[in-house]
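Colleague: Questions regarding the structure given below will be posed in turn.
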Amino acid sequence: MTSPASNVLPHLEKVRRTGPASWSARCPSHEDRGPSLSIREADDGRLLMHCFAGCGIDEIVGSLGLDLSDLFPPRPQEHGGGNRKERKPFRPSDLILLAAHEASIVAIAAADMAQQRDLSDPDRARLVESAARLCDLATFCRDGV
């Protein structure tokens, strides 16, 4: 596995080591007579770059024909072939509370309708929304999607 520094530094001109994990070089995105680009490898393997003439990191990396992702070390592979187990977004207790809340809205509307009370347009819309949410919840529980 190669580091971002070993991939990026060969693309630069007049590279000079300035410390254990730091270098200076000519900035590729502007006419540079002296080394105005500072490069440092962070503890986590990221490559940090700063142009003292004011060039942005997108300009610098683009001038090298690289992507921003080239400044980051590759992510370690997960066990099981790199496929992470997908975590469901809701706890079962949250789903039960949601179902109880939506069911109470349906029950209130049903009681009003049983007593011959007309539902207002917003109440009718909320009843339809509750029914849809309960159907979505049932689908989610059945299919896990």
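Colleague: Could you grab me the full set of residues in region 54-68 that are part of a helix (DSSP H, G or I), touching a strand residue (DSSP E or B) at 6+ places or on another chain (Cβ under 9 Å) and more than 17 Å from residue 6 (Cβ to Cβ)?
Modeller: 57, 59, 60
Colleague: Working only within region 97-142, note down all residues that are part of a loop (DSSP other than H, G, I, E, B) and among the hydroxyl-bearing types (Ser, Thr, Tyr).
Modeller: Correct list: 120 only.
Colleague: Looking only at residues in region 18-44 that are more than 13 Å from residue 55 (Cα to Cα) and polar (S, T, N, Q), which one is surrounded by the most Cβ atoms within 10 Å (Cβ to Cβ)?
Modeller: Applying the filter and picking the extreme gives 24.
Colleague: Quick one: is residue 71 crowded, with 19+ Cβ neighbours inside 10 Å and in contact (Cβ under 8 Å) with a residue 60 or more places away in the chain?
Modeller: So residue 71 fits the description; yes.
Colleague: Look at residue 10 and say whether it is in a loop (DSSP other than H, G, I, E, B) and under 32 Å from the mean Cα position of the chain (by Cα).
Modeller: no
No value in this document is a laboratory result; all are computed from the given coordinates. Model, not experiment: these values are computed from the prediction. Note: ideal-geometry Cβ built from the backbone for every residue, glycine included; neighbour counts use all protein chains shown.
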